[in-house]
Amino acid sequence: MPGPFSGLSVKIIATIIVVILAVEIVIYLPSAANFRQSWLNDRLRVGVVAARVLDAVPDAMNLPRMLTDRLLTSAGALAIVYRREGQSQLIELENVTMPREAVTVDLRQRDPASLILGALETLVLGSNRTLRIVGEEDGMPDRVIEVLMPEAPLRRELLLYSRNLFFLSLILAIITSAVLYVFVSRILIAPIRRLTGNMVEFSEAPENAALIVTPSDRRDEIGIMERELAAMESDIYSMLRQRRHLADLGLAVAKINHDLRNTLTSAQLLSDQVANLDDPKVQRLAPRLVLSIDKAIGFAQSVLDYGRQSATPPRPVPVDLHLLLDEAAFDAGLVGHPSIRWTNHVPDAVSISADPDQFARIFDNLLKNAREALEAVGGKVEAPQVEVTLAETPDWLTLSVTDNGPGLPPRARENLFVAFEGSAKAGGTGLGLAIARELTEAHGGKLSFVDQPLGTRFDVTLPRSIRIA
Ligand SMILES: Nc1ncnc2c1ncn2[C@@H]1O[C@H](COP(=O)(O)OP(=O)(O)O)[C@@H](O)[C@H]1O
Ligand SMILES: [Mg+2]
């Protein structure tokens with residue numbers, strides 16, 4: 001869990017401060033330029049006052065020294081020049097050596113870029129320069145005033161102004177981010193932290209229903225998140241519980257089934273002996289008894305197989321395909337069948353890499369279904385037959401099991417491949433196709449039902465790489 005000063009909150013505070021400072025810099029540049037411009041204007045205005053005085057007296061050259069010096073020092077100026085109608089007048093401080101060069105600042109130029117540039121220059125270069133401030137008397141472009149003065153005082157005041165502004169913005173940034181932080185953390189971070197904490201806790205113990213988050217009644221995105229998380233967690237909770245129940249049930253069924261099969265096996269021994277008795281009544285009933293018990297044992301056995309087979313992954317070895325299919329047909333009762341013709345079209349000497357038991361069981365189930373379907377319709381099908389063919393593409397190897405029986409009944413179609421559901425015949429488990437499908441998939445292939453007008457066809461499609469010769 002991130003602490004209070006890591007993760008999201010720190011990112012938010014840092015971002016807010018950086019953004020505010022960036023905004024402050026953008027604001028600072030023009031305001032520093034403005035500060036410098038008005039400072040320079042003030043000086044110029046003193047120059048204008050001095051010029052008016054010069055204008056008023058007939059003989060400016062002979063003004064008392066004391067007066068001109070006071071005029072100049074009050075403006076912080078070294079000298080003032082006043083030009084009008086082609087003539088100019090100059091007053092300057094006494095006993096001061098005039099600097100040899102000066103930087104001209106023309107206050108008549110007012111474009112923002114050069115104002116900002118001027119302010120930056122003052123800050124960087126302004127400690128030793130002398131300025132020649134040039135401007136005009138208000139609204140009279142033909143009367144030009146020049147004030148000569150050192151730049152250092154301007155720089156000092158501009159620095160002071162900048163420092164104050166900097167501290168002010170810093171305080172502003174801190175206050176703003178603090179306020180925003182409190183706001184954001186109460187509205188966003190705290191609920192997010194609650195949700196992440198809950199997710200971590202729940203994922204550690206998803207079977208504990210007490211850990212499912214209780215959503216608040218917020219209507220925003222956080223509220224949606226809370227409600228969705230709560231729904232998801234309760235889904236996971238019930239799914240887990242259901243799975244555990246199913247696993248328990250499966251275990252119980254397997255146990256019962258196991259005992260049942262053993263009991264039935266002893267009953268089978270008994271019924272075999274009973275069948276050998278000479279009593280004609282017994283002779284009449286015994287075959288049905290034997291048949292029912294056989295069926296029950298088959299049922300118990302296939303349920304046991306289903307539970308067992310999914311547990312072991314296939315162990316592939318080289319297998320001769322033609323031979324394997326013939327053996328499966330034998331197990332399915334097709335080889336030597338009195339009425340059904342079995343044809344194995346797979347060529348000799350095709351070898352694949354497969355688990356022989358599991359692979360044979362796929363076809364055992366498919367072929368047995370075909371035989372049972374054909375037997376069920378009895379003599380209604382002319383020349384009943386079951387065949388298997390092999391087709392190859394560069395990527396796939398397809399084995400098709402086809403019969404000319406009655407076709408899949410609708411009930412079987414609806415639950416095709418679903419264990420315990422797919423059976424459409426008395427005494428069927430509905431496991432055959434489910435097992436065949438699972439085993440095909442375990443070999444990297446897929447089992448599909450191919451709809452056709454007559455009979456039934458199932459395709460076992462396997463990756464081409466399974467073939468080794
Ligand atoms: N070749 C086939 N011809 C007609 N119906 C078939 C064929 N194969 C399967 N079925 C139908 O599909 C159902 C499901 O088969 P399966 O999963 O093997 O279960 P089960 O054989 O125990 O009933 C069967 O009950 C049968 O109705
Ligand atoms: Mg079957």
Expressed in nm to one decimal, what extension gain is obtained for the pair residue 10 and residue 242 from 0.36 nm per residue of sequence separation less their Cα-Cα distance? 79.2 nm
For residue 362, solvent-accessible area (1.4 Å; no DNA, RNA or ligand), Å²: 0
Give me the percent of Cα-Cα pairs in the chain that sit more than 39 Å apart, rounded to a whole number. 62
Loop-resident sites, region 98-200, for trypsin sites (Lys or Arg not before Pro), counting at most 10 other Cβ within 10 Å (DSSP): 100, 108, 110
Provide the per residue accessible area, probe 1.4 Å, for the chain, rounded to a whole number of square angstrom. 59
What is the log10 of I(q)/I(0) for region 316-466, computed with the Debye formula using one identical point scatterer on each Cα and no solvent, at q = 0.13, 0.17, 0.21 Å⁻¹? -0.55, -0.96, -1.46
Once region 106-153 is represented by equal point scatterers at the alpha-carbon sites, with solvent omitted, what log10 I(q)/I(0) does the Debye formula produce at q = 0.13 Å⁻¹? -0.35
For the pair residue 263 and residue 107, the simple spin-label estimate (label points 7 Å beyond Cα toward Cβ) gives in nm 11.6
Multiplying the sequence separation of residue 22 and residue 305 by 0.36 nm and subtracting their Cα-Cα distance, what value in nm do you get? 94.6 nm
Charge dipole of the chain about the Cα centre (unit charges at C-beta), most positive-ward option of 72, 153, 316: 72
How large a share of the accessible area of the chain, in percent, is made up of carbon and sulfur atoms when the probe is 1.4 Å and the other protein chains stay in place? 60
Please list the helices of the chain that count as membrane-span-like by this rule: a mean Kyte-Doolittle hydropathy of at least 1.0 together with Cα atoms stretching 24 Å or more along the helix axis, each helix being a complete DSSP H run. 8-56, 152-184
Region 348-469, relative contact order [Cα under 8 Å, separation at least 6], %: 31
Using protein chains only and a probe of 1.4 angstrom, how many square angstrom of residue 245 are accessible, to the nearest 10? 100
In nm, what is the difference between 0.36 nm times the number of residues separating residue 217 and residue 383 and their Cα-Cα distance? 52.6 nm
Longer than 19 Å from Cα to Cα, which of 281/425; 255/425; 295/425 are they? Say none if no pair is. 281/425; 255/425
Using the basic label-point model (7 angstrom from Cα toward the beta carbon), what is the residue 87 to residue 31 distance in nanometres? 4.8
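The values are calculated or read from the model by the stated rules, or taken from the named source; none is laboratory data. Not measured: the values here are computed from a predicted model. No Cβ is skipped: glycine too gets one built from the backbone with ideal geometry, and neighbour counts run over all protein chains shown. Remember, those area values only see protein heavy atoms, side chains included, never the ligands or the DNA or RNA. Shrake-Rupley method; radii C 1.70, N 1.55, O 1.52, S 1.80 Å.
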